Amino acid sequence: MLNIADNPQTPTALHPQGQTRIKAAADLIGVHHQTLRRWWKADKFPKPTDINGILLFKNADLLAWLERQHSASEV
């Protein structure tokens, strides 16, 4: 079963083994979806996986990235 979150509300709503579409991930992080595209092309953000023409981020990658950003902001 493919667990695709179309509109996660908070990082805690992301199931670590699921996947999230680009716009939903951008909304979660608070940036425009084109910003995410620029970030992953510059290796500043996890790259999505293409599944049947749909770009999906692994939720585990998103959660890890969010945790790194949170840890860096506390230093």
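Kindly write out, for the range 18-23 in residue order, the coupling ³J(HN,Hα) from the Karplus curve 6.51 cos²θ - 1.76 cosθ + 1.60 (θ = phi - 60°), rounded to whole Hz, with x marking Gly and Pro.
With the stated coefficients, the range 18-23 comes to x, 9, 10, 6, 4, 5 Hz.
Place a label point 7 angstrom from the Cα of Ala64 along the Cα-to-Cβ direction, then list the residues of the range 24-49 whose backbone nitrogen is under 16 Å away.
Counting only backbone N, you get 40, 43-49.
Please list 60-69, 45-54, 19-28 highest first by mean number of surrounding beta-carbon atoms within 10 Å per residue.
So the peptides 60-69, 45-54, 19-28, ranked by packing, come out 19-28, 60-69, 45-54.
Calculate the spin-label point distance for Ala13 paired with Val31, positioning each point 7 Å from the Cα along the beta-carbon direction, and give it in nanometres.
Simple spin-label model gives 2.1 nm for this pair.
So, counting K/R as plus one and D/E as minus one, what does the shell of residues with Cβ under 14 Å around Ile29 add up to?
Counting the neighbours of Ile29, the net charge comes to +3.
Stretched out fully, how many nm does the piece from Lys23 to Ile54 gain, at 0.36 nm a residue minus the Cα gap?
Full-extension gain reported as 10.0 nm.
Read-outs throughout are calculated quantities, based only on the coordinates presented, and are distinct from any laboratory measurement. In this text the structure is predicted, and so the values were computed from the model without any measurement. As a convention, Cβ positions derive from the backbone with ideal geometry for all residues, glycine included, and neighbour counts pool all protein chains shown.
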